[in-house]
Amino acid sequence: NTEKNTPKRVRVREFFSQTDAIEQQEKMVQTDPKMQGSEKKKEKPQPRGSKLKVQKTELKAKDGSAKLASSRTRGFNDPDQLKQKARQALIKPPYNVFDYYHEEGFFQRIAKSMVFDYLSLTVVCLNAMWIAVDADLNGAALITDAPPVFIVVENLFCTYFASEVFIRFMAFEEKSRCLRDRWFVFDSLLVFFMVLETWIAPIIVVSFNIDLDNALDLSTLRMFRMVKLLRLSRMAKLLHAVPELTIIMKGIKYASRSVLVFFLFWSMVVYVFALILRQVTVGYGVGTQYFSNVPQAVNNLLLYGIIPSQRDLV
């Protein structure tokens with residue numbers, strides 16, 4: 001009976017569910033003490049001259065760090081500067097004379113054509129070979145006394161080079177710009193000397209009936225012949241046409257400093273030993289023969305000690 005009267009205990013779980021919408025508000029919290037109104041701590045007044053001392057110490061620290069950086073990179077280029085130069089070289093467009101030519105026209109069309117460039121290089125090479133023929137077979141100082149074959153060929157070369165410079169000059173949109181182009185100025189000077197030798201000088205000689213055999217001495221005739229050799233400098237155009245030659249010339253330029261330093265050291269060693277041998281060999285036969293004075297000692301050390309195989313040539 002007791003078991004029947006006692007109520008059974010049932011475990012019940014309570015669940016809480018929120019179904020009502022709750023209003024939400026977004027608020028921002030400012031943690032900056034300035035916005036919160038917190039007052040700054042009052043700085044203690046500094047004595048007079050303390051700020052100046054602080055500035056001096058800061059400047060000394062900066063100078064010290066700059067000197068340390070420069071001492072570490074002394075003898076070497078700054079990598080940041082090298083990078084900056086490389087960037088500027090990439091950004092800067094390469095110089096091209098065609099950018100300053102007319103966009104339309106007869107002369108600019110010829111000057112920009114590849115046929116014109118290759119023809120000019122061919123004529124330059126032919127002129128360089130003709131100079132060798134002229135040096136061996138033509139003994140005349142001026143073209144007026146040369147054989148007819150040389151007169152015709154020289155006039156043909158002069159006509160072509162003068163026409164080339166004229167075409168390039170007319171191709172420029174701004175004529176004053178040609179003075180800034182190094183190749184144009186270089187070719188113009190060579191053409192000027194060639195026209196002076198081939199056309200102007202004969203006209204003057206014929207007009208005034210000048211007798212070159214009596215008017216000019218041997219040294220003057222040699223000077224006229226040396227002027228002809230200036231035409232060989234036109235072969236520098238090959239450097240502009242063949243980039244590999246330009247790279248080789250730049251390599252020689254950068255290596256020349258090391259070669260000059262080596263020769264300077266070489267000269268110092270030879271000079272020191274020349275002084276020593278000049279003093280030591282006094283009164284001996286070898287001193288009288290090879291080291292009688294300092295210039296002779298330097299000369300003999302160079303010829304007999306450093307370049308003995310070229311002694312007879314020198």
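The values are calculated or read from the model by the stated rules, or taken from the named source; none is laboratory data. The shown structure was predicted, so the numbers you read here are calculated from the model rather than taken from an experiment. Positions of Cβ are generated from backbone atoms using ideal geometry, with glycine treated the same way; all protein chains shown enter the neighbour counts. When the accessible area is computed, the model is the full protein with side chains, heavy atoms only, and any ligands, DNA or RNA have been set aside. Shrake-Rupley method; radii C 1.70, N 1.55, O 1.52, S 1.80 Å.
How high is the FRET efficiency from LEU189 to GLU103, r the C-beta distance, R0 25 Å, rounded to 0.05?
Approximately 0.30, to the nearest 0.05.
Filter LYS112/LYS175; LYS112/LYS253; LYS175/LYS237 down to the pairs with a C-alpha to C-alpha distance above 25 Å, please.
LYS112/LYS253
For segment 232-308, which chymotrypsin sites (Phe, Trp or Tyr not before Pro) are both in a DSSP coil and crowded by at most 12 other Cβ atoms within 10 Å?
Answer by residue number: TYR284.
Taking 0.36 nm per residue of sequence separation and subtracting the Cα-Cα distance, how much length would be gained by fully extending the chain between ARG311 and PHE263, in nm to one decimal?
Result for the pair: 15.4 nm of gain on full extension.
Taking 0.36 nm per residue of separation and subtracting the Cα-Cα distance, what length does fully extending ARG182 through LEU137 add?
Length gained, ARG182 through LEU137: 12.8 nm.
What whole-number distance in Å separates the alpha-carbon centres of segment 255-271 and segment 126-194?
For segment 255-271 versus segment 126-194, the Cα centre distance is 40 Å.
Compute, for LYS83, the solvent-accessible surface of its heavy atoms (probe 1.4 Å) with the complete set of protein chains present, and express it in square angstrom to the nearest 10.
Rounded to the nearest 10, that gives 110 Å².
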